[in-house]
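Q: One structure, pasted below without further comment.
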Amino acid sequence: MRPSNVVVSAALTAALALVALPGLAGSRTPSPARDIEAAAFHDVTPATREAVSETAALDPAFRSAGYLGVTATLIDPGLAPEQLEKPEVRQPVTSAASVLRPAKQVLTGEATFYDHGTTAMRLPRGTRVVVCGDGGCLERVVNDYGPQKPSRIIDLYRPDFFTVCGCEWFAGVTRVTVYVY
C-alpha cells in the first residue's frame with residue numbers, strides 16, 4: 001500500500017527542517033577564545049655568517065629579464081643620469097589639407113534636437129559626419145534613423161545641438177552644414 005501525499009509531504013518537510021535549522025544540527029556560535037600553550041613555540045637561534053651556505057650561480061636560462069649582473073650600476077637618487085644621444089627621426093612634410101579626406105557629400109539644412117542621446121540622419125548607421133553651425137563643429141557617428149520631417153536633415157542629442165547652435169536653451173531649430181565622410 002502506498003503512503004498518501006500528505007504523509008510524504010510531511011516527512012519531506014520534517015527532513016528539510018532538520019537540515020535547515022542550525023540549532024538542531026549544532027551550534028553556529030564561535031568558540032570562546034583560549035590562550036596558546038607555551039609548548040607550541042620553539043626557540044629561534046640566530047644564524048651566524050659561517051652557517052650560511054653558498055648557493056651555486058643560476059643558469060642564465062633561469063634569469064629574469066630584469067636581472068642585474070655583478071657589474072651592473074644603479075643610479076643614486078638625486079644624481080642626473082648620463083645624457084644619451086637621441087636618434088634623429090625624419091617625418092615627411094604634410095599640409096593640413098592632406099590630413100582630412102574630402103567629404104563625400106555636403107548637406108545644408110535645419111537641425112533639431114531630441115533627448116535620446118543619438119545622432120539621427122537618413123543615412124546608414126555608422127556613417128561619420130561633421131556637423132557645423134554658428135557655435136562650432138562636432139564630429140559624430142550616425143546611430144539612428146531620422147528625422148521625421150523632410151525639411152530637417154539631422155536630429156542631434158541636446159548638448160550636441162546647443163554646442164553646434166551656439167544659441168539659447170529655448171531655441172529648437174538651427175541652420176547647419178553636414179559633411180558626410
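Any read-out appearing in this document is the output of simple, stated calculations on the displayed coordinates, not a laboratory observation. Only a predicted model underlies this, so the values are computations on that prediction, with no experimental measurement involved. Heads up, the Cβs are rebuilt from the backbone with ideal geometry, glycines too, and the neighbour counts pull from every protein chain shown.
Q: Once the Cβ-Cβ distance between CYS167 and VAL130 is put in as r, and R0 is 22 Å, what FRET efficiency do you end up with, to the nearest 0.05?
A: 0.70
Q: Also, quick follow-up: Taking 0.36 nm per residue of sequence separation and subtracting the Cα-Cα distance, how much length would be gained by fully extending the chain between ALA15 and SER151, in nm to one decimal?
A: 41.6 nm
Q: Within 10 Å, count the other beta carbons around each residue, average over each peptide in 65-71, 167-173, and list them highest first.
A: 167-173, 65-71
Q: Between PHE62 and VAL8, what length comes free when the chain is fully extended (0.36 nm per residue of separation minus the Cα-Cα distance, one decimal in nm)?
A: Extending this stretch completely gives an extra 12.8 nm.
Q: With label points built 7 Å along Cα→Cβ from the Cα atoms of ARG175 and ALA40, find their separation and express it in nm.
A: So the two model labels end up 8.7 nm from each other.
Q: Using label points projected 7 Å from each Cα along Cα→Cβ, tell me how many nm separate LYS104 and SER31, to one decimal.
A: With each label point 7 Å from Cα toward Cβ, the separation is 7.5 nm.
Q: Continuing with the same structure: In whole Å, what three semi-axes, largest first, describe the equivalent ellipsoid of region 101-180 built from its Cα gyration tensor (square root of 5 times each eigenvalue)?
A: Semi-axes, largest first: 18, 14, 11 Å.
Q: Follow-up question, since we're still on this one. Please list, ordered by chain and number, the residues whose modelled amide H lies under 5 Å from the amide H of PHE113; skip anything fewer than 5 residues away on the same chain.
A: Here the answer is LEU156, since their amide H atoms fall under 5 Å of that of PHE113.
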